[in-house]
Amino acid sequence: LVQRDRSGRYSIHELLRQFAARRLAADPADEQATLLRFGAHYARLLEARNADLQGARQRQALAELEVEHDNLWKAWCWAVAAERRAELEGGLDGMYRLHELRGWYTEGMQALELLIARMERGGAPGEEAEARALLVARARARLGALACWVGQFAAAEALLHAALPVLRARQAALDTAFALTGLGIVATERDERGQARRLLDDGLAAYKALGHSSGIAWSLDALGDLAGASGDYQRAKELLNESSTI
C-alpha cells in the first residue's frame, strides 16, 4: 500500500489517498490534529531550508522543496485559512525564495496575496494585532519584490513603500534592508538613478550592519547593475565581482 522511492520519499496510490482522507474527515478531532502536524512540518521545512536557499546548498534545497511543492502549497493554504501566524511567520521567507529563485512569480504572488488578505481582516487587539501588522508588512515587501520581477514597477513601489515604515517602526532590521534594496532595484528599473543609488547604498549599509552575507551580495549585485546602466562599466565590474565572490 505504501511505496518508497530511491530518494526515501513515501507515496500511496491516489485512490488510497482519497479513501484515507474521507476516513480521516469522519473524525474531526483527529483530522484537525493531523492538519496541525502537517502544517507545522512544512513550515519547519521552509524555515530550515531558507538559509540553504541563500547559501552553498541552494541547488539541493531547491530540489528538495520542488518535490514537496504540492504539499507546501496545501500546508500554506491551510495555515492561511486557519490564521496560523507562527507557521506563516516561519515559512514566509522560504516560500518567497522558492518561488523567486524558480521564477514561479505568479504563484508566489498568489501565496502572499492570500496571506495579506487573511491577516488584514482583523483579529485581537494588542500584541496579536502588532504581530499581524508586522507579518503583513513582511509579506507586502516580498510581494513588491515579485511584482518588480514581472515588470509591475508602480505596484512594486507602492507595496514596498507601504511596508517600509511598518518594518522600521517595529525594528525589523533584516526586512527593512530587504525593502530598501527592493525599492532601489525598482528605482533602477524606472531609470531614477539618483534615488536608486541612495536606496541601494542604504540597503547595503543595513545588510553590512547585520553581517548578512547573502543580503550584502544581493545589494552589491543591484549596485553593479545600476553602475552598468549608468555607463560606469569599470565600477559595475568591481561591484559584480565582489558580489559573485561572496
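Coordinate-derived values only; no laboratory data. The structure presented is a predicted model; accordingly, all values stated were derived computationally and were not measured. Neighbour counts are summed over all protein chains in view; Cβ atoms, including those assigned to glycine, are modelled from backbone coordinates with ideal geometry.
Tabulated results
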item: Förster-model FRET efficiency, 30 Å R0, A51 and W78, C-beta, rounded to 0.05; result: 0.80
item: Fluctuation leader among R102, R23, R57 - the chain, Gaussian network, Cα springs under 10 angstrom; result: R23
item: Within a Gaussian network of the chain (alpha carbon springs, distance under 10 Å), most fluctuating of R197, R17, R140; result: R17
item: GNM result for the chain, Cα springs below 10 Å: residue of A139, A111, A33 fluctuating most strongly; result: A33
item: Local electrostatic count, Y42, Cβ distance below 13 Å [Lys/Arg +1, Asp/Glu -1]; result: 0
item: C-alpha center-to-center spacing [segment 172-205, segment 1-26] in angstrom; result: 47
item: Residues of segment 1-19 with amide N under 12 Å of a point placed 7 Å along Cα→Cβ from N71; result: 5, 8-12
item: Folded to 0 to 90 degrees: helix 233-245 orientation relative to the chain principal axis, Cα; result: 30
item: Derived scalar couplings ³J(HN,Hα) [segment 199-209; Karplus, 6.51 cos²θ - 1.76 cosθ + 1.60; whole Hz; x for Gly, Pro]; result: 5, 5, 4, 5, x, 4, 4, 5, 5, 5, 4
item: R0 of 25 Å, Cβ-Cβ distance Q32-A158: FRET efficiency to nearest 0.05; result: 0.05
item: Contact order relative to length of the chain, as percent, for alpha carbon pairs under 8 angstrom and 6 or more apart; result: 10
item: For the chain, calculated [θ]222 nm from helices alone, where every DSSP H run of n ≥ 4 adds -39500 (n - 2.57); result: -27000 deg cm²/dmol
